[in-house]
Every structure is written in C-alpha cells, then in structure tokens.
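Notes follow the structure.
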Amino acid sequence: EIETLEADRRKLIREKEDQAETLSSQLAQAHAAREHAEKALAEMAAKYEALVQVTGKVQSKYDRLVARSVDVTRDLEAQVAARDEIIRHLKTAQVSTQPPYVCSA
C-alpha cells in the first residue's frame, strides 16, 4: 500500500510538473504574442502620425490652391469687366464719330 501511495505521489508530481511546463510554455507564447502586438501597434501609430502629417501638408496645399483660384477668378472677372468697358467706349466713340450718310445722286 505504501508503494502504491508512493507511485501515485510520483505520478501526481509528474503530472503537476507537466502542467507547469505547459503553462510556462503558454506563458512564453503569450508574452511573445504581446511583444509582437506592441511592436505592430507602435508601427501603426508611426504610420498614422506620418499620415496625419501628410494629410496636413496636402490640406495646406489645397487651401493655397483654392485661395489662388479665387484670386485668379477675381483677376479674370476684372479683366472681362475692363474689356467690356473698353468695347462699350469704342462703340460709343464709333457712333459719335461716323460721318453722316451721304447719298450720291
């Protein structure tokens, strides 16, 4: 009976050692997975920050282009208005300086 108890005790010790080894291995795997996830998260954060910076630069360039477009549109509208005014003056000057119509008989 003592031998049976001793055999059971050794068997139980082996099972507990196996469980401890399995848990230790699982813990090491979980730790490695955590480190990998932290590294991936850090890389994603760096990429996100770079994207934010690029987006800011693109927005800034877009804003400058919109402002320039507004300026160009105003300049073109002023040029069209000036052209129309010149045409109006030329038509008025042409009407007042035309010689009267003379009929030759």
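With out of contact with any helix residue (DSSP H, G or I) (no Cβ under 6 Å at 6 or more places or on another chain) and open to solvent by 100 Å² or more (accessible area, probe 1.4 Å) as the only criterion, which of 79, 59 stands out?
Result: 79 is the single residue among 79, 59 that is out of contact with any helix residue (DSSP H, G or I) (no Cβ under 6 Å at 6 or more places or on another chain) and open to solvent by 100 Å² or more (accessible area, probe 1.4 Å).
What about residue 19, is it open to solvent by 100 Å² or more (accessible area, probe 1.4 Å) and polar (S, T, N, Q)?
When the stated conditions are applied, residue 19 does not pass them.
So residue 3 ticks every box in (1) modelled with pLDDT under 95; (2) open to solvent by less than 90 Å² (accessible area, probe 1.4 Å) but one. Which box is left unticked?
Checking residue 3 against (1) modelled with pLDDT under 95; (2) open to solvent by less than 90 Å² (accessible area, probe 1.4 Å), the one that fails is (2).
The values are calculated or read from the model by the stated rules, or taken from the named source; none is laboratory data. On a predicted model such as this, the values are computed, not experimentally measured, just so you know. Positions of Cβ are backbone-derived with ideal geometry, glycine not excepted, and every protein chain shown enters the neighbour counts. Note: accessible area is taken over every heavy atom of the protein model, side chains too, but ligands, DNA and RNA are not part of it. Shrake-Rupley method; radii C 1.70, N 1.55, O 1.52, S 1.80 Å.
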